[in-house]
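What follows is one structure encoded as structure tokens, with my remarks underneath.
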Amino acid sequence: SIFQRNASFDLRGLLGGTDRVLRSLIREGSGSPTMLLQATPCLRVPAATRAELGRLLAATRPNSLLFGVLLARGFLVQLLRQKKTPLHCEDLLLVMNTVNSSASFREDESWLPLCLPHFNARAMLFAHVSFVAPELCLVLVTTSAEAFAPLSLCRQQVQQRLQQADELRGPLFRAVAQPQYDVEDAGATEVRHFLYRVAAHQQFTAPRTGPDAGPQCPYRDRPAVKRLLRRYQHVHERVHASSKPLREYLITTDTETIVAWTNAEHELYVVLGPLVSKPVAIAASHKLLRWLRKEHAALFFTPVAK
């Protein structure tokens, strides 16, 4: 809108201090499927533990709280929102990127203005950012510039509860220590990697890649991970083509076979070897789906609305 009013405006003054956030956003877009899928990655944690965290956030929230977001190692753990006030996925990804862009948030409680464009593109909100445990970040968002004190008290109460409740801390910290799982966990030996997106709350899950991935996953270095993402981008574009969207799609390249299954409830993209037959690829995809349905309660959740 500034450029529409004044095409010669020098934007550098407004961008001052945003280098780390923008660079982090670029890295995320080029190395992770979050923006491709428009979905948030969720931490795999027992459903009972996640529900208890939701009750904890709801019990300690001040009246000024708009959203409470609990994050761990770049994964969404729990989300508290006001009734009839949803947090759009793109806004949540901006919050997560802001936290991931700087290590300074680990040092103390931070208070920063931020704009969530899907919530209100013409106004600023305020976020209280702090770590309540190692690798566990709590972001409390409010419309009030004077709400630092009550949000800080909320943070203290959450931290104290985590320190006192062994039945909550144990399962949670074990999940945080291993935020991703290996593709071998699904039990489909032909599958190299997959993406699974649930439409209801715009969340997704995927096994790990990189040097720590299990032997069934060949995507260990950065070029291989980037090539995998490009394959997903190609298939995603083909499946969602406006001219003729597809419910099922299979493509074989010189390095992979990729099967896509989409409907109103979920999207599944499965990567297999280039030599597998179509019946084998379909059977492996169905086996993977059965595992995902079995693990659904630990992989995904409904945000708490209070």
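The values are calculated or read from the model by the stated rules, or taken from the named source; none is laboratory data. Since this is a predicted model, take the numbers as computed values, not measurements. Every residue, glycine as well, gets a Cβ built from its backbone with ideal geometry; the counts of neighbours run over all protein chains shown. We work out accessible area using only protein heavy atoms, side chains counted, and drop any ligands, DNA or RNA first. Shrake-Rupley method; radii C 1.70, N 1.55, O 1.52, S 1.80 Å.
General observations
- Pairs of Cα atoms farther than 33 Å apart, the chain, %: 30
- Measuring with a 1.4 angstrom probe and ignoring ligands and nucleic acids, residue 35 comes out at about 70 Å² accessible.
- Cα-derived Rg over Rh, computed across region 187-245 with Rh taken as Kirkwood radius: 1.03
- Between region 208-240 and region 1-26, the alpha-carbon center distance in angstrom: 32
- Per residue, the chain exposes 51 Å² of accessible surface when a 1.4 Å probe is rolled over the protein heavy atoms with every protein chain present.
- Residue by residue, region 182-198 carries 3J(HN,Hα) couplings of 8, 4, 4, 4, 6, x, 9, 5, 7, 7, 8, 6, 7, 10, 9, 10, 9 Hz when phi is fed to the Karplus relation 6.51 cos²θ - 1.76 cosθ + 1.60 (θ = phi - 60°); x denotes Gly or Pro.
- 19 Å cut-off, amide nitrogen to a point 7 angstrom out along residue 59 Cα→Cβ, residues in region 147-173: 151-173
- Distance from the alpha carbon centroid of region 49-90 to that of region 94-167 works out to 11 angstrom.
- Percent RCO, i.e. relative contact order, over the chain, from Cα pairs under 8 Å lying at least 6 residues apart: 19
- Using a cutoff of 8 angstrom between alpha carbon atoms and counting only pairs six or more residues apart, the relative contact order for region 168-301 works out to 26 percent.
- Over the chain, dividing the summed -39,500 (n - 2.57) contributions of all DSSP H runs of at least 4 residues by the number of residues returns a 222 nm mean residue ellipticity of -11500 deg cm²/dmol.
- The simple Förster model, with R0 at 25 Å and r as the Cβ-Cβ distance, assigns residue 102 and residue 122 a FRET efficiency of 0.45.
- Between amide H atoms placed 1.01 Å from N, distances below 5 Å from residue 61 occur with no residue 5 or more places distant or on a separate chain.
- Amide hydrogen neighbours beyond the local backbone of residue 305, cut-off 5 Å, H modeled: 81
- Reachable lysines from residue 244, criterion Cα separation under 30 angstrom, eight or more residues apart if same chain: 226, 278, 287
- Per residue, the convex hull spanned by the alpha carbons of region 1-121 comes to 158 Å³.
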